[in-house]
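What follows draws every value from the coordinates through simple rules; no lab data is involved. Remember, predicted model here, so these are calculated numbers, not experimental data. Neighbour counts run over all protein chains shown; Cβ positions are idealised from the backbone, glycine included.
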């Protein structure tokens, strides 16, 4: 179901690709033929210009270090000490250069009574290698759910998950420290007004960027009491699945699934520390409620709105079938 709907959305996006929706100031293309379902993206803490990614499902316990200057994989890491990954959807790097991998997908939205998080140190040397990872069991306080967004706060090391709901989900907070024994219960602490496919913390931990297939929202972190700052300039992509800040926090990189998938760069429209961007980067009224939309973007938005209507309509039709 998910793949079919994503394909329909991709066809519509391909038709809209002639519309220059947003500027692309950099980015790169993932050229590794093994990476066809890049579902998460994280800027390396130890290796400038390197981004960690992974496939969605049906791949294995692998992480790929991609050089943004060439688009080529420079190291493949095999995770040891964990079970067979089920639906890996997110990656984030926390304090102490610890990589967190979210095996948190559930396409049937409640099939799995628990999901997993894997943690491993970021390798200091970029080469093909096997690294032992810790595995943590995750449950939600209000029952199983699908999720594709996992973030680790860069200062506290606390892990957060955003569930994926068409009409908006919630930010879930994990325990202060994950435990390898028993289940780690994540509790909802704030609503998120987006059908979220990924999220990322700014390097200083003051901003939370959340993206979906057709848009994104910037939140001021506020100690977890998130406050909406405005829209993000999310580029048109076939199946937008990932987002990360660059190491210096100046740019957001947006990734998509598919072979030779593009990773597109956009400036951060809101300053770290919770401040707003300049009026030219805000909405027309200068409030920061959204980016200025040019005529081309508006045309693209109309196409996307029609695509959303078709996708959601088809989903509801199929749900009614016995």
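Tabulated data
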quantity: Ranked 162, 50, 99, criterion: other C-beta atoms within 10 Å, fewest first; calculated: 50, 99, 162
quantity: Efficiency of FRET from Cβ geometry, residue 108 and residue 34, R₀ 25 Å, rounded to 0.05; calculated: 0.40
quantity: Global geometry of region 124-272, whether rounded, prolate or oblate, following the gyration tensor of its Cα atoms and the 1.5 cut on a/c; calculated: rounded
quantity: Label-to-label distance, nm, for residues given as residue 131 and residue 180 (7 Å Cα→Cβ offset); calculated: 1.6 nm
quantity: Region 23-290 - share of DSSP beta bridges that are antiparallel (%, nearest 5); calculated: 90 percent
quantity: Relative exposure of 57, 39, judged by other C-beta atoms within 10 Å (fewest first); calculated: 57, 39
quantity: Residues of region 141-185 with amide N under 19 Å of the 7 Å Cα→Cβ point at residue 228; calculated: 162-172
quantity: Rounded if a/c under 1.5, otherwise prolate or oblate - region 82-129, Cα gyration tensor axes; calculated: prolate
quantity: Packing-based exposure ordering (other Cβ within 10 Å, fewest first) of 153, 54; calculated: 153, 54
quantity: Label-point gap, in nm, between residue 248 and residue 98 - each point 7 angstrom along Cα→Cβ; calculated: 2.9 nm
quantity: Estimated distance in nm for a label pair at residue 57 and residue 267, the labels positioned 7 Å out from Cα along Cα-to-Cβ; calculated: 4.0 nm
quantity: Cα gyration tensor category, rounded, prolate or oblate, for region 54-123 with a/c compared to 1.5; calculated: prolate
